[in-house]
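A short worksheet on the structure shown next.
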Amino acid sequence: MRHAVLIADILRRRGVLATFFLANEQTDEGGSALAPHWDGYWKARAAEGHAFGSHTFDHVYFSPAPPAARSTAATGRAQPTLVTARPQFGAYAGRQAAWDRAAICTEIERVDERFRRITGRSLDRLWRAPGGRGPPAVFDMARSCGWQHVGWSPAGFLGDELPSQTYPNDKLLARALAGIHSGDILMAHLGIRSRTDPYAPTLDALIGGLQARGLCFETIPRHPSFTPAAS
């Protein structure tokens, strides 16, 4: 959330609505992104008409689960589908555990519950896995409870999490302006601690440059190509 206010100002000034994917990540002031300190921020974004999805409450990374200790043949019963989950924040930060469908859906929906308490409205039925990656099973399980995963386009990776020394803002901006085309989904963050030269101010030049090319912006749920998950 380091540059959340600046980014909101840029979007408002440029007349752009974005799709925010929320997680309860730790912030520089010692709180977290979904703590009461930020309630006013999220209420204002909801009032402006932005779209919102879940990024998992504790910013959970997913990977394939190891082989089950007991096979279906040995037990005579089908084993539940599992994935390995490693939360970055929360009570189980840094620990790996095997999660089933119920645990996956609960984790995604924890953001929805908190967002409804803050804003009075639900998330759009979207989610994005931290890192944008996970085993196919995690996307299938989330889809089965009505959550559609949304990634980003290769050209839309704006690079704000890359090291400033190797990828200065002018280089990232030039690459984006040359590579982004109609229909691309762009991805950036509300603040990256590790980047010494913050990318956020460059967002204004990027949006302006794309608008000058005749491109416009739309939230993911309102784009005609978007197909929501069926619960």
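The values are calculated or read from the model by the stated rules, or taken from the named source; none is laboratory data. Everything numeric here is computed off the predicted structure, so don't read it as measured data. Neighbour counts are summed over all protein chains in view; Cβ atoms, including those assigned to glycine, are modelled from backbone coordinates with ideal geometry.
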| remark: Per the filter on region 17-31, residues within 18 Å of Gln88 (Cβ to Cβ), surrounded by 16 or more Cβ atoms within 10 Å (Cβ to Cβ) and not hydrophobic (A, V, I, L, M, F, W, C) are Asn24, Glu25, Gln26, Thr27
| task | Would you point out the residue of region 45-67, among those that are out of contact with any Pro (no Cβ under 7 Å at 6 or more places or on another chain) and among the hydrophobic types (A, V, I, L, M, F, W, C), that is farthest from Ala98 (Cα to Cα)? | result | Ala47
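For region 1-110, which helices (runs of 4 or more DSSP H) that fit wholly inside it have 1 or more residues that are closer than 18 Å to Ser122 by Cβ and modelled with pLDDT of 95 or more? If you could, list the steps in order and put the result at the bottom.
Details: elements: 4-14, 39-48, 72-75.
Per the criteria, 39-48.
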| request: With respect to Pro221, determine if the residue is closer than 20 Å to His50 by Cβ, modelled with pLDDT under 95 and surrounded by 13 or more Cβ atoms within 10 Å (Cβ to Cβ). | output: yes
| request: Of the numbered conditions (1) hydroxyl-bearing (Ser, Thr, Tyr); (2) surrounded by 16 or more Cβ atoms within 10 Å (Cβ to Cβ); (3) without any contact (Cβ under 8 Å) to a residue 12 or more places away in the chain, Thr166 fails exactly one; give the number of that condition. | output: (2)
| task | For region 203-231, enumerate the residues that are in contact with a strand residue (DSSP E or B) (Cβ under 8 Å, 6 or more places away or on another chain) and among the hydroxyl-bearing types (Ser, Thr, Tyr). | result | Thr219, Thr227
